[in-house]
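Scroll down for the structure; my scribbles are underneath it.
Nothing in this text is a laboratory measurement; each read-out follows from the coordinates by a stated rule. Computed from a prediction, not measured in an experiment: that's the story for all the values here. FYI the Cβ positions are ideal-geometry reconstructions off the backbone, even for glycines, and counts take in every protein chain you see.
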2 protein chains.
Amino acid sequence: MRIVVLAGGIGGARFLRGLKLAAPDAAITVIGNTGDDIHLFGLQVCPDLDTVMYTLGGGIDEEQGWGRRDETHVVKEELAAYGVGPEWFGLGDRDFATHIVRTQMLGAGYPLSAVTEALCQRWKPGVRLLPMTDDRVETHVAVTIDGERRAVHFQEYWVKLRASVDAHAVVPVGAEQSSPAPGVLEAVAEADVILFPPSNPVVSVGTILAVPGIREAIAGAGAPVIGLSPIVGDAPVRGMADKVLAAVGVESSAAAVAEHYGRREGGSGLLDGWLVDTVDEKAVERVEKAGIRCRAVPLMMTDHQEGHAAAEMARAALALAEEVRGA
Amino acid sequence: MRIVVLAGGIGGARFLRGLKLAAPDAAITVIGNTGDDIHLFGLQVCPDLDTVMYTLGGGIDEEQGWGRRDETHVVKEELAAYGVGPEWFGLGDRDFATHIVRTQMLGAGYPLSAVTEALCQRWKPGVRLLPMTDDRVETHVAVTIDGERRAVHFQEYWVKLRASVDAHAVVPVGAEQSSPAPGVLEAVAEADVILFPPSNPVVSVGTILAVPGIREAIAGAGAPVIGLSPIVGDAPVRGMADKVLAAVGVESSAAAVAEHYGRREGGSGLLDGWLVDTVDEKAVERVEKAGIRCRAVPLMMTDHQEGHAAAEMARAALALAEEVRGA
């Protein structure tokens, strides 16, 4: 079975760990978000790709969900001694090495997809990890700070400001001019199942869909497209998805996110099926009314380190895909 | 008093520590060798500049003479895990931060001289540290390995091969097209004393002199030029200077190095005065016969951390300069 997953960072990575348990023989291709990539200290940092790579490769800091296990912070301490920031972005020494290798390879002319493949030779994540694009796309967020409207890098909004101010708009700068990375459209076309894990629908999955060609490929794919709600009981499972959902005019509820993606069959959307958490049982009717097959199952990845809950979620998603296919 | 010093790495840095003790009120300008700079892991590493900066700024690993005190090696360990080398070049985490800041500033368009000044704002070395040039100069060494003649980067020759093969030639690639960094020629012209510390006469001082304009400026300067022998008792005080001296056809002795630099007054060389170690007392006559005023004083920097021996050496050099000036 060939499975394609559009993944952001922590939520996507933890779901993927479960998916690997649920479908150990599947060939999984992950299309990773690179809109939250950031150039720091002259180095190219790809937080979402690295979170997937470290999580599936056994190198993640399980507690915080990002960055490396057994991390030290000597380099950053030294950079601060030089007065070089930003200090609000946490980069550990082990993580720095990844960015050094990546930046060196990019500087030598390799595209990000080739660099990612090279980094994965060490981590052996057990999936094929593709960046959504080899081109530069940077998600910017329009905010008002001290009465002044300005655009900040997504990481500044997310990490520095902790999404504490309202987002007026989320713009994947450069997306319009970008192309899918090699292998992305082929993977979508050849997939047996396409999954949207409980990643942020705006700044993770939404950014991937903003790369011209990807949305169209998914809309036209032969495989069922199944999503899992990142909103449980009207609140994001983790992160601050509600903040950026508001920016695109979508209420923070499991049903609203499904409607935001929209129904594929006979519509202009992307979803054939949608999973909501059992606490959102009441959303099922609304989602099905929107033409999207919907089931309520537990969606909290409580034992993320073991991945059993995520595996159950993945099984439910694959079962819903079978149901769609059989329909 | 304005003193100009042409410095390589460890020997130059330790001598400078003594010079600061001997002449606490002097304005010292250091022209640093950049021919042993190397681009590693996509980062610009300047071993000699950093050794001077760390030594005078109190950050050096006193034991090994280069690199940072209390160093850790997490980044390098991670790079090795990615299969990215070279492993033979020792870069610690604290040191990495310096190279990251430097590379970022160079990438932003600042010349190396401005970058060095910025780095020194943290270290406050108590001297004005100038790279010999802002242009790229790389010392290559012609060697024969497994019967094949080839050129290797100086660091590969020095650190990886430990100068274990004969050097046929030492070539400062790019020197001919380079220009002195801003301030270099002015400092030489305005100097009251010019010193060649016991640095390597070929790959340290020799490389600095290979930058067009610097040799001529020193030859024509109004200030006395005094050198200190890096060879004591026919052997290098440290390092493997004998190997590269052989490559330029100079025997490894205190007198031969003085003759290699040559006498300035009425000659085509650079030296007015030369200090040899007391064990090389016999060299004094030969050096003076070559037209260079010579004294034998202790030249072993035995207490390099305190710098008293180096301070005595500096005092002897300054005294010899006075003697030359009074002559």
Review point. Can you tell me which residues in the stretch B:106-127 are in contact with a helix residue (DSSP H, G or I) (Cβ under 9 Å, 6 or more places away or on another chain), within 26 Å of B:Pro24 (Cα to Cα) and in a helix (DSSP H, G or I)?
Key: B:Ser113, B:Ala114, B:Val115, B:Thr116, B:Ala118, B:Leu119, B:Cys120, B:Arg122, B:Trp123
Check your understanding: How many residues does the stretch A:157-175 contain that are within 24 Å of A:Thr29 (Cβ to Cβ) and either in contact with a helix residue (DSSP H, G or I) (Cβ under 6 Å, 6 or more places away or on another chain) or part of a helix (DSSP H, G or I) (or both)?
Key -> 2
Exercise for review: Output the residue which, of all residues in the stretch B:105-126 that are under 23 Å from the mean Cα position of the chain (by Cα) and facing chain A (nearest Cβ under 9 Å), is farthest from B:Gly183 (Cα to Cα).
Suggested key: B:Arg122
Check your understanding: If you scan the stretch A:79-94, which residues turn out to be under 14 Å from A:Ile60 (Cα atoms), within 9 Å of chain B (Cβ to nearest Cβ) and touching a helix residue (DSSP H, G or I) at 6+ places or on another chain (Cβ under 7 Å)?
Key -> A:Asp93, A:Arg94
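Would you confirm whether or not the stretch B:96-104 contains a residue that is in a helix (DSSP H, G or I), within 14 Å of chain A (Cβ to nearest Cβ) and farther than 19 Å from B:Ile60 by Cα? Before the answer, list the steps.
We begin by selecting, within the stretch B:96-104, every residue in a helix (DSSP H, G or I); these are B:96-104.
Keeping just the survivors that are within 14 Å of chain A (Cβ to nearest Cβ) gives B:96-104.
Restricting the remaining residues to those that are farther than 19 Å from B:Ile60 by Cα gives B:103-104.
Yes, that holds for at least one residue.
Can you name every residue in the stretch B:258-276 that is in contact with a helix residue (DSSP H, G or I) (Cβ under 7 Å, 6 or more places away or on another chain) and assigned to a helix (DSSP H, G or I)? First the steps, then the outcome.
Taking the stretch B:258-276 as the starting set, the residues that turn out to be in contact with a helix residue (DSSP H, G or I) (Cβ under 7 Å, 6 or more places away or on another chain) are B:258, B:264, B:269-276.
Selection gives B:Ala258 alone.
The rows are residues; the columns are (1) closer than 23 Å to B:Ala210 by Cβ; (2) within 20 Å of the chain's Cα centre (by Cα); (3) surrounded by 21 or more Cβ atoms within 10 Å (Cβ to Cβ).
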site: B:Gly266; (1), (2), (3): no, no, no
site: B:Asp272; (1), (2), (3): yes, yes, yes
site: B:Asp277; (1), (2), (3): no, yes, yes
site: B:Lys282; (1), (2), (3): no, no, no
site: B:Val287; (1), (2), (3): no, no, yes
site: B:Ile292; (1), (2), (3): yes, no, yes
site: B:Arg295; (1), (2), (3): no, no, no
site: B:Leu299; (1), (2), (3): no, yes, yes
site: B:Thr302; (1), (2), (3): no, yes, no
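Would you check if there is a residue in the stretch B:189-198 being assigned to a strand (DSSP E or B) and either in contact with an Asp or Glu (Cβ under 8 Å, 6 or more places away or on another chain) or over 17 Å from B:Ile292 (Cα atoms) (or both)?
The answer is no; no qualifying residue exists.
Please go through the stretch A:31-85 and give me each residue that is over 23 Å from the mean Cα position of the chain (by Cα) and in a loop (DSSP other than H, G, I, E, B), ordered by number.
Step one: filter the stretch A:31-85 for residues over 23 Å from the mean Cα position of the chain (by Cα), giving A:41-42, A:70-85.
Hits for the stretch A:31-85 are A:Phe41, A:Gly42, A:Asp70, A:Glu71, A:Thr72, A:His73, A:Tyr82, A:Gly83, A:Val84, A:Gly85.
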Check your understanding: What are the residue pairs meeting all of these: first residue in the stretch B:199-228, first residue touching a residue at least 60 places away in the same chain (Cβ under 8 Å), second residue of a type in the set (D, E, K, R), Cβ atoms under 6 Å, and 6 or more apart or on different chains?
Key -> B:Leu209/B:Arg215; B:Ala223/B:Asp192; B:Pro224/B:Asp272; B:Pro224/B:Arg325
Review point. Could you list, in sequence order, the residues of the stretch B:237-247 that are in contact with a Gly (Cβ under 9 Å, 6 or more places away or on another chain) and not in a helix (DSSP H, G or I)?
Key: B:Val237, B:Arg238, B:Gly239
Check your understanding: If you scan the stretch B:29-45, which residues turn out to be surrounded by fewer than 24 Cβ atoms within 10 Å (Cβ to Cβ) and within 19 Å of B:Ala187 (Cβ to Cβ)?
Key -> B:Thr29
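Which residues, taken from the stretch B:284-302, are more than 19 Å from B:Ala321 (Cβ to Cβ) and either in contact with a Phe, Trp or Tyr (Cβ under 9 Å, 6 or more places away or on another chain) or touching a residue at least 40 places away in the same chain (Cβ under 8 Å) (or both)? Let's see the steps before the verdict.
Looking only at the stretch B:284-302, we keep the residues that are more than 19 Å from B:Ala321 (Cβ to Cβ), and these are B:285-286, B:289, B:300-302.
The answer is B:Met300, B:Met301.
Identify the residue in the stretch B:277-327 that is among the basic types (Lys, Arg) and outside any helix (DSSP H, G or I) and, among all such residues, is farthest from B:Gly227 (Cα to Cα). I'd like the intermediate steps shown before the answer.
Just the residues of the stretch B:277-327 that are among the basic types (Lys, Arg), to begin with: B:282, B:286, B:289, B:293, B:295, B:315, B:325.
So of that shortlist, the ones also outside any helix (DSSP H, G or I) come out as B:282, B:293, B:295.
Values: B:Lys282: 17, B:Arg293: 10, B:Arg295: 11 Å.
Checked the stretch B:277-327; the qualifying residue farthest from B:Gly227 (Cα to Cα) is B:Lys282.
Applying the selection to the stretch B:86-95, what residues are assigned to a helix (DSSP H, G or I) and in contact with a Gly (Cβ under 7 Å, 6 or more places away or on another chain)? Before you say what the answer is, go through the steps one by one.
We begin by selecting, within the stretch B:86-95, every residue assigned to a helix (DSSP H, G or I); these are B:93-95.
Passing the criteria: only B:Asp95.
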Point to revise | Checklist (1) surrounded by fewer than 17 Cβ atoms within 10 Å (Cβ to Cβ); (2) more than 8 Å from chain A (Cβ to nearest Cβ) applied to B:Thr139, failing item | key: (1)
Check your understanding: Based on what the data block shows, is B:Ile3 closer than 30 Å to A:Asp50 by Cα and more than 13 Å from chain A (Cβ to nearest Cβ)?
Key -> no
